[in-house]
Amino acid sequence: MGMLQYLGHAAFYLEGSGIRALIDPFLTHNPMAPEGADARPEIDCIFVTHAHGDHIGDTVEIARRTGATVFATNELATWLKGKGLKAEGMHIGGRARFPFGRVKLTHAFHGSSMWEDGKMVYSDVPCGFLIEVEGKQIYHAGDTGLSVEMTLLEAEGVEIALLPIGGYYVMDVDDAVRAVGFVKPKKVVPMHYDTFPPIQADPQDFAKKVGEAAEVIIAKPGDVLSF
Ligand code: NI
Ligand code: MN
């Protein structure tokens, strides 16, 4: 059986046969995070959707400490390798098989940048991830606006979709409801809301509007869900 734990904002812990992973591990400066960057002694993989601080978060520190392999788009992965980390630099639409299951990078419409020596440096295109764990497809959308590319995911048979609902930088509730209609996951967990003032959203409103289209799981930081 697989397990997914919400760590607040867009951060999740994902575990199953052959994998103990973090997705977008923004913990130290995340006011919603139930744990710190040093909470887990063993992590095999870290999935990073883009270089914005609220997603790359504590990646470098955790990967250094645990020896985890970081999955990211090629440019970001190359930057991380330059910091001495192990990384898989895949790219949008690319899929590859790993011992725990397959990974595909999905489209995300957003930006990606980082601070280097006091200057903002453009990083690369952001992505989402389709991660196969225990034979089930987990879709983390990353930061993204609504896009027709999401209709491509229907054919993937997504078990759980993790979708941003906070608006301002990403989909708001109404667009995320439309995304559910495009992806057609069995279950959906709203994320990327209420962390900071511009991204206030009502997950109950999202659940009401999704209705019967999918099972909506409103996770509080720390909540665990089995699949
Ligand atoms: Ni972002
Ligand atoms: Mn973000």
Can you find a residue in the range 45-65 that is surrounded by 17 or more Cβ atoms within 10 Å (Cβ to Cβ), away from ligand 1 (no atom under 16 Å from the Cβ) and more than 17 Å from the chain's Cα centre (by Cα)?
no
Output for the range 114-127, where each listed residue is out of contact with any His (no Cβ under 6 Å at 6 or more places or on another chain) and within 12 Å of VAL48 (Cβ to Cβ):
MET114, SER123, ASP124, CYS127
Candidate set: the range 147-169, residues that are within 16 Å of ligand 1 (Cβ to nearest atom) and touching a helix residue (DSSP H, G or I) at 6+ places or on another chain (Cβ under 8 Å); chosen: the one nearest to GLY93 (Cα to Cα):
LEU163
Identify the residue in the range 28-58 that is in a loop (DSSP other than H, G, I, E, B) and closer than 17 Å to GLU116 by Cβ and, among all such residues, is nearest to ligand 2 (Cβ to nearest atom).
HIS52
Just the residues that are within 15 Å of ligand 1 (Cβ to nearest atom), buried (at least 21 other Cβ atoms within 10 Å of the Cβ) and part of a strand (DSSP E or B), please, taken from the range 107-146.
CYS127, GLY128, PHE129, HIS140
Report, by residue number, each residue of the range 190-212 that is within 19 Å of GLU159 (Cβ to Cβ), within 16 Å of ligand 2 (Cβ to nearest atom) and hydrophobic (A, V, I, L, M, F, W, C).
MET191
Looking at the structure I just gave you, is LYS186 touching a residue at least 24 places away in the same chain (Cβ under 8 Å), within 23 Å of LYS136 (Cα to Cα) and either exposed (fewer than 15 other Cβ atoms within 10 Å of the Cβ) or not aliphatic (A, V, I, L, M) (or both)?
yes
Within the range 14-44, considering residues that are in contact with a strand residue (DSSP E or B) (Cβ under 8 Å, 6 or more places away or on another chain) and within 21 Å of ALA108 (Cβ to Cβ), the one surrounded by the most Cβ atoms within 10 Å (Cβ to Cβ):
PRO25
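Every number in this text was worked out from the coordinates using simple rules, so none of it is lab data. Bear in mind that the values here come from a model prediction, so they are computed numbers and not experimental data. Here the Cβ is made from the backbone with ideal geometry for all residues, glycine too, and neighbour counts use every protein chain on show.
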